[in-house]
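Please read the structure below before turning to the comments.
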Amino acid sequence: MAEHAHPPEFEVLLDTEAIQRRVRELGAEITRDYAGRELDLVGVLKGSLLFMADLARAIALPLTCDFLRVSSYEGGTKTTGVVRFDFDLTQPIKDKHVLLVEDIIDTGLTMSFLLETLRLRMPASIKVVTLLDKPGNRRTEVPIDYVGFTIPNRFVIGYGLDLEGRYRNLPYIAAMKEPAAG
Ligand code: PRP
């Protein structure tokens, strides 16, 4: 069977086993926290694709899955802060316990927009789980309830994260190599 491969300018940051272990831990924690309640998992596409699938299996509660997709207007840089819906949820979230599922929170602009927008729909509660948190690049404060891994300010691919659309299927996360010191 062919091996998954990342581009040579990348190196493994989080291997498959570490990710799977941490996802199981997050699932167990969420299962405890939401005991007795029904949960609406909301995946932010496309990056949350693999994490959502694994996390949903690690949560032992009645739950539903829905998805949305947003994108940032790129007015020169990605960090203009203007975000719009490409497509929205299929079901109302009023009175529901919503858990937003992200692959990564970077500047925080996407999540900040989503929380502000979805709160207007009056969910019973709304929380955030992200596999990766990159606090070094934050432009706005975002409350994050569950974090898989806090990572340095490096460009990462794999396990849902892409490089020009590719490499989302890597079962691990790879980071772009840093230039050698000296
Ligand atoms: C990524 C990621 C988050 C967002 C985080 O999505 O999945 O949604 O960026 O960045 P921020 O904190 O700086 O707003 P991206 O726009 O790359 O789309 P994709 O998930 O479809 O790859």
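The values are calculated or read from the model by the stated rules, or taken from the named source; none is laboratory data. Note that the coordinates shown come from a computational prediction; the quantities given were computed from them, not determined experimentally. Every residue, glycine among them, receives a Cβ derived from its backbone with ideal geometry; neighbour counts consider all protein chains shown. To get the accessible areas, we keep the full protein, side chains included, count just its heavy atoms, and leave off ligands, DNA and RNA. Shrake-Rupley method; radii C 1.70, N 1.55, O 1.52, S 1.80 Å.
Kindly sort 50, 114 by accessible area of their heavy atoms, largest first, with the probe set to 1.4 Å. Write down the numbers at each step before the final one.
Values: 50 45, 114 0 Å².
Listed by decreasing accessible area, they come as 50, 114.
The ratio of the alpha-carbon radius of gyration of the chain to the globular-protein estimate 2.2 N^0.38 Å is 1.04. Computed from backbone phi with θ = phi - 60° and the Karplus coefficients 6.51, -1.76 and 1.60, the 3J(HN,Hα) list for segment 66-73 is 9, 9, 8, 9, 10, 9, 8, 5 Hz; x is used for glycine and proline. Carbon-plus-sulfur accessible fraction, segment 90-172 (probe radius 1.4 Å, protein heavy atoms only): 49%.
GluC sites (Glu not before Pro), restricted to segment 67-152: which are DSSP loop and have at most 15 other Cβ atoms within 10 Å? Show your work: numbers first, answer last.
Working: sites: 74, 102, 116, 141; in loops: 74, 141.
Listed in order of number, the matching sites are 74, 141.
Calculated accessible area for segment 85-166 comes out at 48 Å² per residue, all protein chains present (probe 1.4 Å; ligands, DNA, RNA ignored). Taken along the Cα-to-beta-carbon direction at a fixed 7 Å, the label points for residue 95 and residue 164 span 5.0 nm.
The listed residues 122, 52, once ranked by accessible area (1.4 Å probe) with the largest placed first, stand as 122, 52.
Taking chymotrypsin sites (Phe, Trp or Tyr not before Pro) across segment 122-158, the ones in a DSSP loop with at most 15 further Cβ atoms lying within 10 angstrom of their Cβ are 155.
So what's the back-of-envelope 222 nm ellipticity for the chain, counting only DSSP H runs of four-plus at -39500 (n - 2.57) apiece and dividing by all residues, rounded to 500?
Working: 3 runs with 39 residues, N = 182.
Per the formula, -7000 deg cm²/dmol.
How many lysine pairs does the chain hold where the Cα atoms are under 19 Å apart and the two sit 8 or more places apart or on different chains?
6
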